[in-house]
Amino acid sequence: MKLYNLGKVPWEESQLIYHALAEMGREALCLVSPASAYVCIGFHQDAPQEVDLAFCEANNIPVFRRDLGGGAVYLDGAQLFFHLILRKDNPEVPKRKEIFYQKFIQPVVDVYRNIGIAAEYKPVNDVIVGTRKISGTGVGEIGQCIVFVGNLIVDFNYRMMARVLKVPDEKFRDKIHQTLTENLSTIRRELGDKEARRWDEATLNQMMAEEFEKLLGPMERTEKDAELNAKMQELRQKMLTEDWLFQKGKPQLSGREVKIRSGAKVVHRMHKAKGGLIRADIEVIGEKIGAVSLSGDFFCFPEEGIQWLEAQLKGKVVTEIEDQIRAFYVEKQIETPGIGLEDWMVVFSDLQTK
């Protein structure tokens, strides 16, 4: 197996290299970070729905659609990426994705532990410190290969991540920023600035290579060759075009959902009831409701009833929502003309975290 320990590369190469290696059927571990920032969306996403394209264009932030699933992310050089490309018939590849994650996330956990961060594996595909995520990972198939991608997060621009996303309003953007800050950590945040500076990119990449070699055996250190460069250039001609980026996406959804980590997300829902439009911003942590903000052009008597409902739902298990809303109407004698229990259940449906 080849090892491409490339360090900083042009932003597009941080994506093109693993696509090219997988299409070539070349097994490898690739260690890179982008020399400049960009936004990367999942293959099944719709760019105009997911990303504030006008903001990105105005601020020279490219947007790239990868050939793997998952969500939109803001990426920059403070995130050190690994790409593990294995052929599907490799005996080291577990058949079940859950076992695959558990096996190949362990090197990431070990690197964090080796620098003094008490990281743990959390199924299905998270690395956490306490309750905060500290590495993003994903698995997909390209050609005859399985591609496992992930990162060590040295630092993270929480505000820019919240800013590049397409959101219904600034209130929802603020909630994304808050939830990201509360649920995503970094090496700098865990160790402090002085200690974090001890672990430069070259050192961390070397540690990552050593941990993966413990699993897969010695790797051949190498540079990009002519064949790989040619394949990357071929993919550049396809994947950096508007046709690729703006492939037909999903129909416009009546809301927005942003996954922060496994077991944590922020959801924006809209529902047009007979009595008016309901808007809801809902934070879901585990199986419980976090902060809730309800608004719209409906009527509620008494007026403070909606604030009561927000408070009543906070901290409740998502499966209790229907009982809580029913009790809210009975105990508080609330009236919302043209809006009933069934409307609220549309807003609060399918909130279980994945």
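The values are calculated or read from the model by the stated rules, or taken from the named source; none is laboratory data. All values derive from a computational prediction rather than experimental measurement. Cβ placement follows ideal geometry from the backbone for every residue including glycine, while neighbour counts extend to all protein chains displayed.
Odds and ends about this structure:
- The range 305-354, subset basic (Lys, Arg) and touching a helix residue (DSSP H, G or I) at 6+ places or on another chain (Cβ under 7 Å), residue farthest from GLU287 (Cα to Cα): LYS332
- Some residue of the range 245-255 being closer than 19 Å to PHE348 by Cα and not in a loop (DSSP other than H, G, I, E, B): yes
Table: residues versus (1) of a type outside the set (S, T, N, Q); (2) in contact with a helix residue (DSSP H, G or I) (Cβ under 9 Å, 6 or more places away or on another chain); (3) buried (at least 17 other Cβ atoms within 10 Å of the Cβ).
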site	(1), (2), (3)
ALA119	yes, yes, yes
VAL127	yes, yes, yes
GLN144	no, yes, no
ASN183	no, no, yes
ASP193	yes, no, no
ARG197	yes, yes, no
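- Any chance PHE328 is at pLDDT below 90, surrounded by 15 or more Cβ atoms within 10 Å (Cβ to Cβ), aromatic (Phe, Trp, Tyr) and within 25 Å of VAL167 (Cβ to Cβ): no
- Scanning the range 156-171 finds no residues that are modelled with pLDDT of 95 or more, assigned by TED's automatic domain parsing to the domain that holds PHE82 and more than 18 Å from the chain's Cα centre (by Cα).
- Filtered by the rule that a residue be outside any strand (DSSP E or B) and under 20 Å from TRP11 (Cβ atoms), the range 64-86 gives ARG66, ASP67, LEU68, GLY70, GLY71, ALA72, ASP76, GLY77, ALA78.
- Residues that are in a loop (DSSP other than H, G, I, E, B), touching a Gly at 6+ places or on another chain (Cβ under 8 Å), under 22 Å from PHE82 (Cβ atoms) and not aliphatic (A, V, I, L, M) within the range 31-63 comprise SER36, GLY42, PHE43, listed in sequence order.
- Close Cβ contacts (under 8 Å, 6 or more residues apart or on different chains) running from residues in the range 203-220 that are modelled with pLDDT of 95 or more to residues that are of a type in the set (S, T, N, Q) and assigned to a helix (DSSP H, G or I) comprise MET207/ASN114; GLU211/GLN106; LEU215/GLN106.
- Looking only at the range 7-56, and only at residues there that are farther than 18 Å from ARG236 by Cα and acidic (Asp, Glu), the one that is surrounded by the most Cβ atoms within 10 Å (Cβ to Cβ): GLU50
- Condition met for ASP89 (in a helix (DSSP H, G or I) and over 24 Å from VAL266 (Cα atoms)): no
- Breaking point among (1) under 22 Å from VAL73 (Cβ atoms); (2) out of contact with any Phe, Trp or Tyr (no Cβ under 8 Å at 6 or more places or on another chain); (3) not assigned by TED's automatic domain parsing to the domain that holds ALA47, for THR241: (3)
- Residue identified as crowded, with 21+ Cβ neighbours inside 10 Å, among the aromatic types (Phe, Trp, Tyr) and either closer than 19 Å to GLY192 by Cα or within 18 Å of the chain's Cα centre (by Cα) (or both) among PHE81, PHE104: PHE81
- The single residue among ILE278, ILE321, ILE289 that is surrounded by 13 or more Cβ atoms within 10 Å (Cβ to Cβ) and at pLDDT below 90 turns out to be ILE278.
- Taking the range 21-54 as the range and being aromatic (Phe, Trp, Tyr) and touching a Phe, Trp or Tyr at 6+ places or on another chain (Cβ under 8 Å) as the test, only TYR38 passes.
- Remark: VAL164 matches the filter, which requires a residue to be touching a Cys at 6+ places or on another chain (Cβ under 8 Å) and crowded, with 16+ Cβ neighbours inside 10 Å.
- Test: PHE55 is aromatic (Phe, Trp, Tyr) and under 16 Å from the mean Cα position of the chain (by Cα): no
- If the condition is being in contact with a helix residue (DSSP H, G or I) (Cβ under 8 Å, 6 or more places away or on another chain), modelled with pLDDT under 85 and surrounded by 14 or more Cβ atoms within 10 Å (Cβ to Cβ), then the range 226-259 contributes GLY249, ARG256.
- Within the range 69-98, residues that are closer than 30 Å to ALA162 by Cα reach partners that are part of a loop (DSSP other than H, G, I, E, B) and of a type in the set (Phe, Trp, Tyr) with beta carbons closer than 6 Å, at six or more positions or on different chains, in the pairs GLY69/PHE43.
- Of the residues making up the range 115-173, those that are closer than 25 Å to ILE61 by Cα, part of a loop (DSSP other than H, G, I, E, B) and of a type in the set (A, V, I, L, M, F, W, C) are VAL154, PHE156, VAL167.
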